[in-house]
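Novice: Got a structure here, written out as structure tokens. Questions coming.
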Amino acid sequence: MINSPNFGFLDDYLAEYALRAERYVFEDTNTCLIKLRQFAERLARHVLEIHDFEVKGKSLNELLQCLRGSQFLPPQIRSHFYLLRDLGNEAAHEGKGDEGTRADKRDAYRTLIAARELAMWYQRTFIKSDERFGPFRPPPSTSDLESDLRAELAAQRDVVARYEIDLSFARGKVVELEKIKQDLESEALQYYESLQTMGEERDAERIDYEEELRRLRESVRPVTDSGLASFVTRAQQAAESLGLTPSDSLHVPLAQIRVVFPRESRCCHASQLLAQSATYGFVKSYCTKCGISELIYKTDFMELELWVACPNGHGRMKPTYVGKIYGYECPECHWRCCLASLLPQAHELGIKKTRS
């Protein structure tokens with residue numbers, strides 16, 4: 001790529017004449033206009049070659065006629081081609097620019113701007129559609145320029161200066177955003193590593209838990225056949241006393257659980273366990289220290305926070321009354337069971353009553 005403030009994005013083949021025109025825009029306007037005409041001819045020929053037009057031996061007028069008949073040339077771009085052709089012809093055949101008048105220099109300067117717009121149109125159309133360009137950068141001027149032209153150049157140089165300030169600010173933002181990006185990537189990496197460490201710790205905890213569960217299972221005293229049969233009999237009797245159908249009675253729990261009452265005993269201020277107090281499904285709390293029982297009130301029952309699952313797969317059942325005793329009911333299928341069917345009888349708690 002050539003070193004040019006306005007045509008550096010073009011390849012050398014297309015930018016050769018534009019670079020020379022840029023060099024002589026104020027010192028030799030005649031040469032500048034001729035070089036810009038040659039630039040227009042080379043660019044037109046190159047565009048037509050891209051579209052498989054036959055361009056060999058054709059003049060600039062013939063090339064522009066081909067472009068005019070095509071559908072891909074916008075009117076503004078076409079007018080730029082004609083501007084470069086007309087002023088270039090005047091420079092070549094009539095000596096326009098030889099005297100270096102103010103009008104000649106102004107025409108050369110504005111024609112150079114038109115040539116850059118042609119170059120940008122070509123670059124975005126055929127090379128890179130999203131390429132970004134800065135403002136036109138006025139070439140260095142000589143001291144003999146007219147004051148109004150110098151003022152115009154100064155104004156455009158102010159535009160360039162503001163653009164460079166904005167560009168410098170944007171670059172600073174880019175550096176700042178890159179720093180933020182690196183910090184975020186570093187934090188994400190640390191977070192991922194911490195998650196990995198946590199996962200390994202969780203795996204170790206799971207292994208320990210499974211080992212402890214296995215040990216507890218092995219330490220549990222197996223239920224004898226007679227004991228299980230006795231409990232099944234009691235469960236069926238409890239179901240019948242509640243008025244459950246034979247099919248419902250099949251779902252009466254066949255396991256006893258030890259439930260800790262959420263309130264300490266009044267007698268010894270010790271923990272309490274729940275158990276069946278008598279037949280027909282009544283439940284009391286028993287002090288684990290002396291064995292004295294206490295009544296369970298409705299508020300006590302609601303605070304048990306037991307998670308009793310529906311056997312039909314509908315999830316957690318709600319605490320309620322089953323007949324006149326405490327129990328649980330599924331809100332969807334309305335299957336019910338009593339609290340007593342989940343608990344052992346009082347004498348099975350293994351608590352020795354020490355006082356009456």
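Novice: Using per-residue counts of other Cβ atoms within 10 Å, averaged over each peptide, order 206-213, 46-53, 12-19 from highest down.
Specialist: 12-19, 46-53, 206-213
Novice: With the Cα gyration tensor of segment 12-145 giving a ≥ b ≥ c as the square roots of its eigenvalues, does the rule (a/c under 1.5 for rounded; else a/b larger than b/c for prolate; else oblate) give rounded, prolate or oblate?
Specialist: Values: a/c = 2.23, a/b = 1.44, b/c = 1.55.
Oblate, because a/c is 1.5 or more while a/b does not exceed b/c.
Novice: A follow-up question, please. Using a basic spin-label model with each label point 7 Å from the Cα along Cα→Cβ, how many nm lie between T197 and K353?
Specialist: Simple spin-label model gives 5.8 nm for this pair.
Novice: Express in nm, to one decimal, how much length is gained between A92 and D158 on full extension, taking 0.36 nm for each residue of separation and deducting their alpha carbon distance.
Specialist: Going from the current span to full extension adds 20.4 nm.
Novice: Sort out for me the Cα centre separation of segment 14-30 from segment 43-120, rounded to whole Å.
Specialist: 14 Å
Novice: A further question follows. Note down the relative contact order for segment 20-100 as a percent, whole number, built from C-alpha pairs under 8 angstrom at least six residues apart. List each step's numbers first, then the result.
Specialist: Values: 77 pairs, mean separation 36.2, N = 81.
Relative CO of segment 20-100 lands at 45 percent.
Novice: For S341, S265, what ranking results if the residue with the fewest other Cβ atoms within 10 Å of its Cβ goes first?
Specialist: S265, S341
Novice: I would also like to ask the following. Is the shape of segment 1-50 rounded, prolate or oblate, going by the alpha carbon gyration tensor and its root eigenvalues a ≥ b ≥ c, with a/c under 1.5 for rounded and a/b larger than b/c for prolate?
Specialist: Note, shape of segment 1-50 comes out oblate.
Novice: Would you mind ranking R45, R37, R78 so that the residue whose beta carbon has the fewest other beta carbons within 10 Å leads the list?
Specialist: Going from sparsest to densest Cβ surroundings: R78, R45, R37.
Novice: Further question on the same structure: On a straight-distance basis, which lysines could pair with K352 in a cross-link, Cα separation under 30 angstrom, same-chain partners fewer than 8 positions away excluded?
Specialist: Filter leaves K284, K289, K298, K324.
Bear in mind that the values in this text are calculations on the coordinates, not laboratory data. From a predicted model like this one, the values you see are computed outputs, not experimental measurements. We place every Cβ from the backbone using ideal geometry, glycine too, and count neighbours over all the protein chains shown.
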